[in-house]
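Trainee: Take this structure, written in structure tokens, and hold onto it; I'll ask about it next.
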Amino acid sequence: MDRDHSHNEKETVSAEDNANKHYLYPSALFAEKVPYLVDTILGSCVAVCLYDDQKKIGGINHYMLPLWNGDGLATPKYGNIAIEKLIDRMLQLGCKKEHLRAKLFGGASQINSSMEIGLRNVEVAKELLAQHRIPIVAENVFGKVGRKLRYDTGTGQVMMKFLNKPTQDGNG
């Protein structure tokens, strides 16, 4: 009886518990050949999730501002840099641009901000993806509240939930 009981407990361990996991911080990107569950939290920031359904490889970025102005380092803090670097990384992993599909998340309006960072972050993603001819197959953008994402890079599936309070300035 005890043996059966312990066997059943092992069966209730979810696949998620055995998955590779990664937390994606703002100004970063992530893509690997092996599947990962990637978590991130967005406010006015935007995450672009790319997926190659032929290779079954996904990647994600999390950027804070739309455009790099040429000062300092060209880092994935900026949408135009983060999107180009993510596309490059996916191609390095063996993906083909014509097989890539995109999903967009984030771009919430910030409290006490007239700069419309969220709106501009989403616009730069749409413009660059269109230039690269990468179709956007799903999006959940704008609004007043942040989002928590879990992206399965092995399937391209994104699980999203809204955070229950408006975003503050400076929160991803």
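The values are calculated or read from the model by the stated rules, or taken from the named source; none is laboratory data. Bear in mind that the values here come from a model prediction, so they are computed numbers and not experimental data. Positions of Cβ are generated from backbone atoms using ideal geometry, with glycine treated the same way; all protein chains shown enter the neighbour counts.
Trainee: Answer with yes or no whether I87 is in contact with a helix residue (DSSP H, G or I) (Cβ under 9 Å, 6 or more places away or on another chain) and free of Cβ contacts under 8 Å to residues at least 60 places away in the same chain.
Mentor: yes
Trainee: Can you tell which of L50, L67 is farther than 21 Å from H99 by Cα and either modelled with pLDDT of 95 or more or small (G, A, S) (or both)?
Mentor: Numbers: L50 fails: farther than 21 Å from H99 by Cα.
L67 is the lone residue from the list that is farther than 21 Å from H99 by Cα and either modelled with pLDDT of 95 or more or small (G, A, S) (or both).
Trainee: Let me ask something else about it. Are any residues in segment 92-146 touching a Lys or Arg at 6+ places or on another chain (Cβ under 7 Å) and acidic (D, E), and if so, which ones?
Mentor: Answer for segment 92-146, where residues must be touching a Lys or Arg at 6+ places or on another chain (Cβ under 7 Å) and acidic (D, E): just E139.
Trainee: If I filter segment 92-117 down to residues being in a helix (DSSP H, G or I) and out of contact with any Leu (no Cβ under 9 Å at 6 or more places or on another chain), which single residue comes out as nearest to L50 (Cα to Cα)? Working first, answer last.
Mentor: Pass one, segment 92-117, residues in a helix (DSSP H, G or I): 92, 97-99, 117.
If we keep only those that are out of contact with any Leu (no Cβ under 9 Å at 6 or more places or on another chain) as well, we get 92, 98-99.
On the way: Q92: 14, E98: 12, H99: 10 Å.
It comes out as H99.
Trainee: Is it the case, given these coordinates, that I136 is hydrophobic (A, V, I, L, M, F, W, C) and crowded, with 20+ Cβ neighbours inside 10 Å? Step through it out loud before you land on a result.
Mentor: Numbers: hydrophobic (A, V, I, L, M, F, W, C): yes; crowded, with 20+ Cβ neighbours inside 10 Å: no.
So I136 does not fit the description; no.
Let's see how each residue does on (1) part of a strand (DSSP E or B); (2) surrounded by 23 or more Cβ atoms within 10 Å (Cβ to Cβ):
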residue: F30; (1), (2): yes, no
residue: K33; (1), (2): no, no
residue: C49; (1), (2): yes, yes
residue: K55; (1), (2): no, no
residue: G59; (1), (2): yes, yes
residue: N69; (1), (2): no, no
residue: N80; (1), (2): no, no
residue: E84; (1), (2): no, no
residue: M90; (1), (2): no, yes
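Trainee: Looking only at segment 147-172, count how many residues are at pLDDT 95 or above and either more than 24 Å from E116 (Cβ to Cβ) or touching a Ser or Thr at 6+ places or on another chain (Cβ under 7 Å) (or both). Write out each step before concluding.
Mentor: Start the filter on segment 147-172 by keeping residues that are at pLDDT 95 or above, which leaves 147-162.
Narrowing the set further to residues that are either more than 24 Å from E116 (Cβ to Cβ) or touching a Ser or Thr at 6+ places or on another chain (Cβ under 7 Å) (or both) leaves 149-159, 161.
Adding up the residues that qualify gives 12.
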